[in-house]
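Presented below is the structure to which this report refers.
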Amino acid sequence: MNYHILSEIWGVLRLAAPYLATLLASIILIEQIVYLRKKSRLPGPTLVLPFLGNVVGLVRDPEKFWDEQADYAKSTPLGISVNYIIGKFIVFIRNSEMSHKIFANVRPNAFQLVGHPFGKKLFGEHNMIYLYGQEHKDLRRRIAPNFTPKALATYSNIQQVVILKHLINWSENQSHCPVGLRLLAREMNLETSQNVFAGPYLKKEARERFKVDYNYFNVGVIALPLDFPGFAFRNARLAEMVREEREMEQPSQSPPPNCSNREIGAHVFDFLFAAQDASTSSLLWAVTLLDSHPEVLKKVREEVESIWNIELNSFITPDQLISMKYTQAVAREVVRYRAPATLVPHVACEEFHISEEYTIPKGTIVFPSVYESSFQGFSEADRFDPDRFYNEERREEQLFKRNFLVFGAGAHQCVGQKYALNLLVVFIAMFATLMDFKRHRTDGCDGLNFCPTICPKDDCSVSLSKRCFKFPTLSLSLDQD
């Protein structure tokens, strides 16, 4: 009986097979035709894999994938190239002026900043990057007091205490054997951002839970977007959903716009996410570049030691930070030379006429490359040279201001950019003054590892030891329950 039923099913399948094959071939053909029509005359792959596109190459080797997109873009005066990823047509923008057009047109009938091709699934619907117009302006205005000079000065003391604590631990736990600095810097930066943005209100259990959830989220951001149990993308989504459910459990009484528990939680997550990953990337590249440029390290140490006396056991004051002109120039050059978040994804809500030659189709994911912009205009842009921001005669900071897009531009420009640069200056000053370090160099160690911001491929493997006779004593009430 079972054999008879199976035989009938097999017979039906044999009859249907030509029709199914024809249908599948038609779908593939239509997909290719649609891709080529959207591609127009722009450079990019002529043919793409059905359904998947080039997502395998992107996940397997992101550096190579985006380098190829940049090479495509260089071949045309527009500075634009195209590709296809999991049913999504993408446009890569290398040209700085074209990127400015995208940043300046974040509105309902042009572009929406998404942060990730599948951003709403990861970041949640209430993330501030999805806001437009007056609502977005009002929210930024309410957030702005968190980044005043007075607030930044308060954060600086918190940062110094946390940085010092971790530098001491690093020096005590190392036996001059190379260690990957990425996880150590990540732990330090996680504690720094939590203390700054949540303070004593984040209990120890919550800190540990956030650490686990954040790791899930980080891995999910760079994984294949497969929303199934057991996959990294699903784990990242669950981490975000758990956070939202916890906030929904708290009682609320008709809060003002964007001030519900869920929305405030989303905003705090924005701060923690932005302060965490991009800053960790910059700290690692600062160590990498200081090691490979000893003349720069020497000048940093001389400047810091002439301003900050560690024997006084005092904080680096805001005025002292401002007076560290060369160290500030080093920090700006670090983020120019290795922009942490290399791409800023947007979605085209409608067709957008970006030039006389090309109109971006509706639904396209557009990737302005702030990384590529950083290597345009500046003199000898491929060379790490802090003097471009230090030497007043060169004036490169002003001359090529439109190419310095590390923190974006337009209405959604990074609200915490001063916080990020201050943290980097503080870290460089303390690390260079208090620590001796030597990079353990191997072939390809300076390549780009996307995780999801960029860091050295070897996780910045260094040998660490105490440089000063005695670490300074800095105290601040940061003890947690």
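The values are calculated or read from the model by the stated rules, or taken from the named source; none is laboratory data. None of the values given here were measured: they were computed from a predicted structure. Cβ placement follows ideal geometry from the backbone for every residue including glycine, while neighbour counts extend to all protein chains displayed. Ligands, DNA and RNA are stripped out before the accessible areas are found, and what is left, the full protein with its side chains, is counted by its heavy atoms. Shrake-Rupley method; radii C 1.70, N 1.55, O 1.52, S 1.80 Å.
Yes/no per residue for (1) in a loop (DSSP other than H, G, I, E, B); (2) of a type in the set (A, V, I, L, M, F, W, C); (3) closer than 28 Å to Asp382 by Cα; (4) without any contact (Cβ under 8 Å) to a residue 60 or more places away in the chain:
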| position | (1), (2), (3), (4) |
| --- | --- |
| Ser314 | yes, no, no, no |
| Gln320 | no, no, no, yes |
| Ala331 | no, yes, yes, no |
| Glu350 | yes, no, no, no |
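Okay, residues lined up against (1) modelled with pLDDT of 95 or more; (2) among the hydroxyl-bearing types (Ser, Thr, Tyr); (3) in contact with a Ser or Thr (Cβ under 6 Å, 6 or more places away or on another chain); (4) open to solvent by 10 Å² or more (accessible area, probe 1.4 Å):
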{"position": "Trp308", "(1), (2), (3), (4)": "yes, no, no, no"}
{"position": "Thr327", "(1), (2), (3), (4)": "yes, yes, no, no"}
{"position": "Val347", "(1), (2), (3), (4)": "no, no, no, yes"}
{"position": "Ile360", "(1), (2), (3), (4)": "yes, no, no, no"}
What's the number of the condition Ala411 fails, among (1) within 16 Å of Arg338 (Cβ to Cβ); (2) open to solvent by 30 Å² or more (accessible area, probe 1.4 Å); (3) among the hydrophobic types (A, V, I, L, M, F, W, C); (4) assigned to a helix (DSSP H, G or I)?
(1)
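Of all the strands (runs of 3 or more DSSP E) wholly in the range 417-481, which have at least 1 residues that are open to solvent by 20 Å² or more (accessible area, probe 1.4 Å)? Spell out how you get there, then give the answer.
Numbers: elements: 435-439, 448-450, 454-456, 461-466.
Passing ranges, in order: 435-439, 448-450, 461-466.
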So how many residues does the range 117-147 have that are under 16 Å from Gly363 (Cβ atoms), in contact with a helix residue (DSSP H, G or I) (Cβ under 9 Å, 6 or more places away or on another chain) and either open to solvent by less than 50 Å² (accessible area, probe 1.4 Å) or modelled with pLDDT of 85 or more (or both)?
1
Kindly provide the set of residues from the range 365-408 that are open to solvent by 40 Å² or more (accessible area, probe 1.4 Å), closer than 18 Å to Glu97 by Cα and touching a Phe, Trp or Tyr at 6+ places or on another chain (Cβ under 7 Å), ordered by number.
Gly377, Glu397, Phe400
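Mind listing whichever residues of the range 180-206 are within 16 Å of Val462 (Cβ to Cβ), in a helix (DSSP H, G or I) and open to solvent by less than 40 Å² (accessible area, probe 1.4 Å)? Talk me through it step by step, then tell me what you get.
Start the filter on the range 180-206 by keeping residues that are within 16 Å of Val462 (Cβ to Cβ), which leaves 180-188.
Cutting the leftovers down to in a helix (DSSP H, G or I) gives us 181-188.
Within the range 180-206, Leu181, Ala185, Arg186, Met188 meet the criteria.
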Could you grab the pairs with beta carbons closer than 9 Å, sequence gap of 6+ or different chains, first residue in the range 127-145 and aliphatic (A, V, I, L, M) and in a helix (DSSP H, G or I), second one modelled with pLDDT under 85 and exposed (fewer than 14 other Cβ atoms within 10 Å of the Cβ)?
Leu139/Pro257
Among the residues of the range 67-89, count how many are at pLDDT 95 or above, under 22 Å from Pro452 (Cα atoms) and surrounded by fewer than 21 Cβ atoms within 10 Å (Cβ to Cβ).
4
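Condition check ((1) at pLDDT 90 or above; (2) farther than 30 Å from Ile90 by Cβ; (3) open to solvent by 80 Å² or more (accessible area, probe 1.4 Å)) across all residues:
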| residue | (1), (2), (3) |
| --- | --- |
| Leu15 | no, yes, yes |
| Pro18 | no, yes, no |
| Ile28 | no, no, no |
| Tyr35 | yes, no, no |
| Lys38 | yes, no, no |
| Arg41 | yes, no, yes |
| Thr46 | yes, no, yes |
List every residue pair whose Cβ atoms sit under 8 Å apart, with the two residues 6 or more apart in sequence or on different chains, where the first one lies in the range 75-102 and is over 14 Å from Phe65 (Cβ atoms) and the second, anywhere, is surrounded by fewer than 22 Cβ atoms within 10 Å (Cβ to Cβ) and among the acidic types (Asp, Glu).
Leu78/Glu357
The condition of being touching a residue at least 40 places away in the same chain (Cβ under 8 Å), farther than 27 Å from Leu164 by Cα and within 20 Å of the chain's Cα centre (by Cα) holds, among Phe427, Phe404, only for Phe404
What are the residue pairs meeting all of these: first residue in the range 41-55, first residue closer than 20 Å to Ile360 by Cα, second residue in a helix (DSSP H, G or I) and open to solvent by 40 Å² or more (accessible area, probe 1.4 Å), Cβ atoms under 8 Å, and 6 or more apart or on different chains?
Pro43/Tyr72; Gly44/Tyr72; Thr46/Leu36
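Any residue that is modelled with pLDDT of 90 or more, more than 27 Å from Leu181 (Cα to Cα) and of a type in the set (A, V, I, L, M, F, W, C) - is there at least one of those in the range 250-263?
Pass one, the range 250-263, residues modelled with pLDDT of 90 or more: none.
Looking for residues that are modelled with pLDDT of 90 or more, more than 27 Å from Leu181 (Cα to Cα) and of a type in the set (A, V, I, L, M, F, W, C), one finds none in the range 250-263, hence no.
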